[in-house]
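Worksheet: one structure, shown below.
The values are calculated or read from the model by the stated rules, or taken from the named source; none is laboratory data. Just so you know, these numbers come straight off a predicted model, no measurement behind them. Here the Cβ is made from the backbone with ideal geometry for all residues, glycine too, and neighbour counts use every protein chain on show.
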Amino acid sequence: MSQMQTIHAAFTQKVDAVLAALEAEGTLPPDCPRGNVTVEPPRDPSHGDLATNAAMVLAKQAKTNPRELAGKIIEKLSADPIVTSAEIAGPGFINLRLSDETWLAELRAIADLGADYGKSAMGGGKTVNVEYVSANPTGPMHMGHCRGAVVGDALASLLEFSGHKVIREYYVNDAGAQVDVLARSAHLRYREALGEDIGAIPEGLYPGDYLVPVGKALADEFGDSYAGTPESEWLSLFKARASGAMMDMIRDDLALLGICHDVFSSEVELQAAGKPEKAEEWLRSKDLVYDGMLEAPKGKTLDDWEPVELPLFRSTRFGDDQDRPIKKSDGSWTYFGADLAYHFQKSQDADALVDIWGADHSGTVKRIKAAVAAMTGDAGSPIPFEVKLVQMVQLLRGGEPVKMSKRSGTFVTLADVVREVGKDVVRFTMLTRKPEAQMDFDFAKVVETSRDNPVFYVQYCHARVRSTIRKAEAEGIAPSPEDLSVLGPEELELIKLAAQFPRIVEAASAAREPHRIAFFLQELAAGFHAYWNLGNDRPEKRFIVVNNVNLSCARLFLAAQIGQLVTNGLALLGVVAVEEM
């Protein structure tokens, strides 16, 4: 069985073949659009194994009512030997039950494909650029960056698993005012390293001790050459050295999370290469940039606001609420102007773009989407571009908030957290809620050994599987698919749940939502633990059944495949499945 013939994909093809046959017979009109036809498990498992909305979606085009069309679809589907029953539900949904052997074959497929079970070719080899983290290079990573880092990295892995080529990119904002502040802060630490008593760190500079080694390195390299010279002589040099040192620190911090980017794009290099000017020139040639006046900001009067002519991008043509300046009155690029050029650069090497941003940047989503639509839609459809917003994480210790402030120098670094609770705990926890939802990260709760802690619950599922198999093998019993027909209804329900993994992977990839994998793993673990608990009071329901080797081998084979799926799913999230707990 190939990776594209897992049960849900195979049955989707069967439904499509039935619809094609109905077209050929004239029941459906030629070239009837089927994009909205779905084949998926019904919400209530008691209704069947699979359900399709085909009759509901296509009845209008067939000029008939959904139940009548459903009857014709059922007539053809029922001829398939793997379909044991097909029923019309409600206004025209079709519920299907499949033979037990179909599900047992799927269990064997999990074993045959192993780490490849769930892989998909849906991406068609198209390249997706995923930009994530992109924290300003002004200090070490803190937990405010962590969630976006994990979401972006897990999404990149998910897209690769579903058949895309992926570019993992980090945009280094090293041209803004914050990097000037970093350079001045580093210069202060440089003077300190030379023996000067610098006293308290002045307001407005970065006070963190992480700049002490940067100052020492500068002192070792340049001696006292820049100790008393004007800022104009050292600012540019210290910006480059300090931001470079910060990026080295950030790479090390990300490595603790198992994150490694393919590309680091520098805003300084982007501007030095004249990319914003080239973007402006191209946009002017399409009449998408013009020189005009901005409206006065709300609350301003003519006495305290002076209109200035600026180059404006026509973002209102693409759904924005006003046109946006790409340059400031002093001729320097606005953040939007540089960002516009950066996205233009990214789009040259990708078929689709995804940006992972902090929720505090939500106000700029509309304008950058407008810019990408303008710059990539010239030859037809614009390149697909999504911005995924990630809410901040509130750190708690014993229920009390932990402060995170880079300026005060009292923030909790990402490295601190990873070293305390471990990479896998951090990564999985960051994906236990939708990224747009607020999240609390309590140091005590994330390491709890209880079912209320999803990290533990999923990891314990895998550890339980491995422990059970080791115990069985010590008794001379090994997992075997030789006679799976001995498995009963409870085991089949677990197989049906496990078999949803390929479908979940494709849906999560299409929606750009890696947290769906974490949600599925929690559901799978809950199903496994519930089945395990049947054996607490009923010895005949245990995985190792005394005096019944055939049944034990079959159940152990089922357990092994559940363990394989947990391993596969955790790998997509960048988490290692543990062997014991």
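Inspection of region 138-154 identifies at least one residue that is under 30 Å from PHE11 (Cβ atoms) and outside the structural domain of VAL505 (by TED's automatic domain parsing). Scanning region 412-441 for residues that are under 16 Å from the mean Cα position of the chain (by Cα), surrounded by 18 or more Cβ atoms within 10 Å (Cβ to Cβ) and of a type in the set (D, E, K, R) turns up ASP424, ARG427, ARG433. Looking at VAL133, VAL128, just one residue is touching a strand residue (DSSP E or B) at 6+ places or on another chain (Cβ under 6 Å), at pLDDT 95 or above and at positive phi, and that residue is VAL133. When each of LYS369, LYS434, LYS388 is tested for being part of a helix (DSSP H, G or I) and out of contact with any Cys (no Cβ under 9 Å at 6 or more places or on another chain), the lone residue that passes is LYS369. Residue pairs whose Cβ atoms lie under 8 Å apart, separated by 6 or more positions or on different chains, with the first residue in region 282-295 and assigned to a helix (DSSP H, G or I) and the second β-branched (Val, Ile, Thr), are LEU283/VAL289. When ALA59 is tested against (1) crowded, with 16+ Cβ neighbours inside 10 Å; (2) assigned to a strand (DSSP E or B), only condition (2) is not met.
When restricted to residues that are touching a Leu at 6+ places or on another chain (Cβ under 8 Å) and not small (Gly, Ala, Ser), region 520-541 contains 6.
Condition check ((1) more than 19 Å from LEU104 (Cβ to Cβ); (2) surrounded by 14 or more Cβ atoms within 10 Å (Cβ to Cβ)) across all residues:
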| site | (1), (2) |
| --- | --- |
| ASN536 | yes, no |
| VAL546 | yes, no |
| ARG555 | no, yes |
| GLY563 | no, yes |
| ASN568 | yes, yes |
| LEU572 | yes, yes |
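Restricting region 346-363 to residues that are in contact with a Lys or Arg (Cβ under 9 Å, 6 or more places away or on another chain) and not in a strand (DSSP E or B), the residue that is surrounded by the most Cβ atoms within 10 Å (Cβ to Cβ) is ALA350.
Here ASP355 passes the criteria (1) at pLDDT below 95; (2) touching a Phe, Trp or Tyr at 6+ places or on another chain (Cβ under 8 Å); (3) within 22 Å of GLY176 (Cβ to Cβ) except the one numbered (1).
Yes or no: region 423-444 includes at least one residue that is outside the structural domain of ASN550 (by TED's automatic domain parsing), within 30 Å of MET249 (Cα to Cα) and free of Cβ contacts under 8 Å to residues at least 40 places away in the same chain. Yes, some residue in region 423-444 is outside the structural domain of ASN550 (by TED's automatic domain parsing), within 30 Å of MET249 (Cα to Cα) and free of Cβ contacts under 8 Å to residues at least 40 places away in the same chain. Here is the figure for region 367-384: residues that are in contact (Cβ under 8 Å) with a residue 40 or more places away in the chain and buried (at least 16 other Cβ atoms within 10 Å of the Cβ) total 7. In the set LEU484, LEU556, LEU573, only one residue is within 23 Å of PRO454 (Cα to Cα) and in contact with a helix residue (DSSP H, G or I) (Cβ under 8 Å, 6 or more places away or on another chain); that residue is LEU573.
Scoring ASN550 on the criteria (1) assigned to a helix (DSSP H, G or I); (2) at pLDDT 95 or above; (3) in contact with a helix residue (DSSP H, G or I) (Cβ under 9 Å, 6 or more places away or on another chain); (4) over 27 Å from ARG97 (Cα atoms) leaves a single failure, condition (4).
Within this structure, LYS76 passes the test of being in a helix (DSSP H, G or I) and either more than 25 Å from the chain's Cα centre (by Cα) or on the phi < 0 side of the Ramachandran plot (or both). In a residue-by-residue description of region 82-91, the property of being surrounded by fewer than 20 Cβ atoms within 10 Å (Cβ to Cβ), under 30 Å from ILE368 (Cβ atoms) and of a type in the set (Ser, Thr, Tyr) applies to no position. What are the residues in region 213-255 that are farther than 13 Å from ALA186 by Cβ, buried (at least 17 other Cβ atoms within 10 Å of the Cβ) and aliphatic (A, V, I, L, M), if any? Those that are farther than 13 Å from ALA186 by Cβ, buried (at least 17 other Cβ atoms within 10 Å of the Cβ) and aliphatic (A, V, I, L, M): MET247, ILE250, LEU254.
Scanning region 6-34 for residues that are small (Gly, Ala, Ser), at pLDDT 90 or above and at negative phi yields ALA17, ALA20, ALA21, ALA24.
I'm trying to understand the selection: among the residues of region 519-547, which are part of a loop (DSSP other than H, G, I, E, B) and more than 16 Å from ARG464 (Cβ to Cβ)? Scanning region 519-547 gives ARG538, VAL545, VAL546, ASN547. When the criteria are applied in full, LEU69 meets the requirement of being more than 36 Å from the chain's Cα centre (by Cα), part of a helix (DSSP H, G or I) and either aliphatic (A, V, I, L, M) or under 27 Å from GLN564 (Cβ atoms) (or both).
Right, LEU211: in the same structural domain as VAL412 (by TED's automatic domain parsing) and over 15 Å from ALA183 (Cα atoms) or not? Criteria not met by LEU211. In region 497-508 there is at least one residue that is assigned to a loop (DSSP other than H, G, I, E, B), aliphatic (A, V, I, L, M) and within 16 Å of TYR117 (Cβ to Cβ).
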